[in-house]
Amino acid sequence: RELRPEALDDLGLVNALITLCERVALQSGVEIRRRFTPPPPQLDPNTELVVYRVAQEALTNALRHSEAHEVHVSLVADAGGALLTVEDDGRGLPTPLTERGGIVGMRERASLVNGHLTLDTAVEHGTVIRLSIP
């Protein structure tokens, strides 16, 4: 119970993500743009937790490592499930990419709910993290 953010249970996934984005923007000074298209995807509690934690880790990585000025966060329902996207305008990741720490953790979380995590990056052109949930 202590590992699950209260905001998920109190506010629901979309509002918990809005609160997360607002808090991160306030603390960092980085502009966080968000797009959550209604209706929100219907996900079980474990999947909601994975989506929230991946968004949280992706935002943290963007702020700590990318020197981004702006980050876009979106969550949309699609025919097959849901798609979370976190995209920054930072410096990108070096190639070849050595995955460790947060990226490995996001992949592990995605696999717990049969999700698929992709990471697209280009030096000086930012990073896009997508979590597709069936």
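A few remarks follow.
- Segment 53-65, subset crowded, with 21+ Cβ neighbours inside 10 Å and of a type outside the set (Val, Ile, Thr), residue nearest to ALA25 (Cα to Cα): LEU59
- Hits in segment 29-41 - residues which are exposed (fewer than 14 other Cβ atoms within 10 Å of the Cβ) and touching a strand residue (DSSP E or B) at 6+ places or on another chain (Cβ under 8 Å): GLU31, ARG33, ARG35, THR37, PRO39
- Hey, LEU93 modelled with pLDDT of 85 or more, open to solvent by less than 80 Å² (accessible area, probe 1.4 Å) and touching a strand residue (DSSP E or B) at 6+ places or on another chain (Cβ under 9 Å) or not: no
- Test result for THR85, in contact (Cβ under 8 Å) with a residue 24 or more places away in the chain and among the β-branched types (Val, Ile, Thr): yes
- Among the candidates ALA68, ALA79, the residue that is modelled with pLDDT under 95, more than 15 Å from LEU8 (Cβ to Cβ) and buried (at least 21 other Cβ atoms within 10 Å of the Cβ) is uniquely ALA68.
- Filtered residue count, segment 1-28, keeping only those that are open to solvent by less than 70 Å² (accessible area, probe 1.4 Å) and farther than 15 Å from ARG53 by Cβ: 5
The values are calculated or read from the model by the stated rules, or taken from the named source; none is laboratory data. Since we're looking at a predicted model, the values are computed, not measured. Cβ coordinates were reconstructed from backbone atoms using ideal geometry, including for glycine residues, and neighbour counts include every protein chain displayed. Just so you know, the surface numbers come from the protein's heavy atoms only, side chains and all, with ligands and any DNA or RNA stripped out. Shrake-Rupley method; radii C 1.70, N 1.55, O 1.52, S 1.80 Å.
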